[in-house]
1. Checking ILE248 against (1) surrounded by fewer than 19 Cβ atoms within 10 Å (Cβ to Cβ); (2) assigned to a helix (DSSP H, G or I): exactly one of these is not met. Which one?
2. Tell me which helices (runs of 4 or more DSSP H) are completely within the stretch 407-520 and hold 2 or more residues being within 35 Å of the chain's Cα centre (by Cα) and in the same structural domain as PHE603 (by TED's automatic domain parsing), or say none if there are none.
3. Taking the condition of being free of Cβ contacts under 8 Å to residues at least 24 places away in the same chain and either in contact with a Cys (Cβ under 7 Å, 6 or more places away or on another chain) or surrounded by fewer than 17 Cβ atoms within 10 Å (Cβ to Cβ) (or both), how many residues in the stretch 552-567 meet it?
4. Looking only at the stretch 310-334, which residues are free of Cβ contacts under 8 Å to residues at least 60 places away in the same chain and outside any helix (DSSP H, G or I)?
5. Sort out which residues of the stretch 364-413 are modelled with pLDDT of 80 or more and of a type in the set (Val, Ile, Thr), and write them in order of number.
6. Of all residues in the stretch 627-647, how many are among the hydrophobic types (A, V, I, L, M, F, W, C) and part of a helix (DSSP H, G or I)?
7. Can you work out which of the residues in the stretch 507-548 that are more than 13 Å from HIS633 (Cα to Cα) and of a type in the set (Val, Ile, Thr) is surrounded by the fewest Cβ atoms within 10 Å (Cβ to Cβ)?
8. For the stretch 586-600, name all the residues that are surrounded by 14 or more Cβ atoms within 10 Å (Cβ to Cβ) and either at pLDDT below 85 or of a type in the set (Phe, Trp, Tyr) (or both).
Amino acid sequence: MPEQKKTRRFLAFGIALTLFFLITSLALAAKQPSPKPKNDDCLACHGDSTLTHDVNGKPVSLYVDPQKFKDSIHGSMFNCVDCHTDVKNSPHEQTPSKVNCATCHADEKAAYDRSFHAKARAGGNLNAASCTDCHGSPHELLPASDPKSRVSHANIPGTCGACHEQKFVMGEQGAQMVVSYQQSVHGHAVAEGSDKAAVCTDCHGSHDILDAKDSKSPIFKFNVPATCGKCHQGIEAQFQQSIHGQAIAQGNWQAPVCTDCHGIHSIKSHLDPNSPVAAQNVAQATCARCHEGMRLSQEFGVPSRRETTYLASYHGLAAQLGSQVVANCASCHGVHNILPSSDPRSTINKANLARTCGQCHPGVTEKFASAKVHVGAPLSADMGSKAVRWIRRFYLSMIVVVIGGMLLHNFIIWRFKALERRKREQRMVTRMEARFRWQHATLLISFMILVITGFALKFPESWYASMLGLSEKVRGVLHRIAAVVLISVSVYHLIDLAITRKGRRLVIDLFPTFDDVRGAKENILYYLGLSSNKPTFKRFNYAEKAEYWALVWGMFVMAGTGLMLWAKVFVGNHLPRWFLDAATAVHYYEAVLATLAILVWHFYQVFLDPDVYPMNWAWWDGKMPLHHYREEHGLDSETMKQAIAEASGEDVNQEEHETAGAKHV
């Protein structure tokens, strides 16, 4: 019996121990995590386009190209779940959360968070670039060393340009940056396969791109020399020692850096005629921006008017005529190594001038090289500048006195001869009545004032503008007064034409007809010697009619556009702003057309026509000789009969003698 109890106890203990181990094993097995999904497990769904798109072809989940993922840097190093850490099983029920690149790229993410792009996105601008915008999809991401990578050296401009050339993202200026870079010496070099030419990231940085106003940005003004120096080390060293580099080191914002002279994105070779540092552009387009005005002179004592005095010299004049070898600013002062003349290393130091000038003028001595180049500069106190200023004053005075005396002498003689010829002429035909002469005189004077004061504004540096010696305020007042007078006399003329019998008759006589076309043709043929029949006209010929109606047209155009510009605030508030731009252009070009028409067409009729020389006096007293009127307006018999009837008998006889003599000839 005891044996049986002992056996039963042993058996129960064995069963209990077996159950314990079985339960423990099952518990441990339940706690054992399932194996992580492999890439092939994920691609079984995400690599099959039929499973990632519905029957209509619309995506229902992310499709990943298996081959591109395998070739990518992530596919060759990691499993999907290394980035998608919340995915435990394949397939998974919940959509994975967004991957955090900082898990592996903490330093790059920290740099990006400081960047202009990150701050823009934080401010709500979703157009600002993120990691995938530059690097591409993480499932297809390639290393920068791969030529196919979006961040490889050759592809950087295109990657940045994907955003920066879009006007709706960056505006006009941003889009222009990309075009400018593509046309630059850097852009051309990259397009030709250079792996050393600068691309966007070389200047702006990669992940930590900062605003140009940020002092830590590589394109911050005071950091630009060092940024460019990464490729142009020797030039940077020269610049740092130059007067410009020293000024930058001292924090002088007005001193130029590389981009001030060469440009920013549109940097071109110095051999390119469109480059600001091309030989023909250095003086006027580059150096003059700082060294022509008074700002540097007032604040730092740097001489001003460097461009003006250079352009007035032989060097400047030859450069403007297109010389490719004549000296410019850089020829004498240096390029990146510009130093003040007081520095022994300077190319314009007294001890070095002979060698500097000798580059173009072999054999020069120190005596030759001691002459000033910027002769006439206001701050120059050397003997050469003084001599030139006194000579200028002397000859300007001589020109005024001598030429003025000649003009006065000739005017006295011309006036006497003109009046004598006028007395000898039997001037019987009334060509212009008194009220029309007053209108004409008022029109002429106001028109001349408008021309002089108007073009003085358009060409403020012209000789006649400087001779006026008027301030802009006085010029503007004179221009507007003359405009009011011109418009007033024009309105008076229109009223005169409408309410008076002679005014209405004037309009009828001036109205163009088909006979004017015939008369113009016959007139040209006659004076070309192709016809023996000289045409004659009625009261007004085709040239006079064309001039009159051109005047009417020009009056409406000039008055209309002028009033728009006078009331620019009112017009700009009620019409599109470009109306004022169009009015300005029309006002200017119509003024040029009218002025040239008066000089070329009207002045010939009044002064230069041999038949009336030295002038047609009709504008003065309204009369002209009967024989001349008959020759030009022979079809206007009514006017000629009236002139003969109003003349005295002696005058009539004289006219008959002239007529008989003319017929005899």
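The values are calculated or read from the model by the stated rules, or taken from the named source; none is laboratory data. Everything quoted here is computed from the prediction, not taken from an experiment. Note: ideal-geometry Cβ built from the backbone for every residue, glycine included; neighbour counts use all protein chains shown.
1. That leaves (1) as the condition not met.
2. 434-458, 463-468, 472-499
3. 7
4. Within the stretch 310-334, LEU321, GLY322, SER323, GLN324, VAL325, VAL326, ALA327, ASN328 qualify.
5. VAL364, THR365, ILE391, ILE399, VAL400, VAL401, VAL402, ILE403, ILE412, ILE413
6. Matching residues across the stretch 627-647 total 4.
7. Step by step, filter the stretch 507-548, then rank; the result is ILE508.
8. Within the stretch 586-600, just TYR588 meets the criteria.
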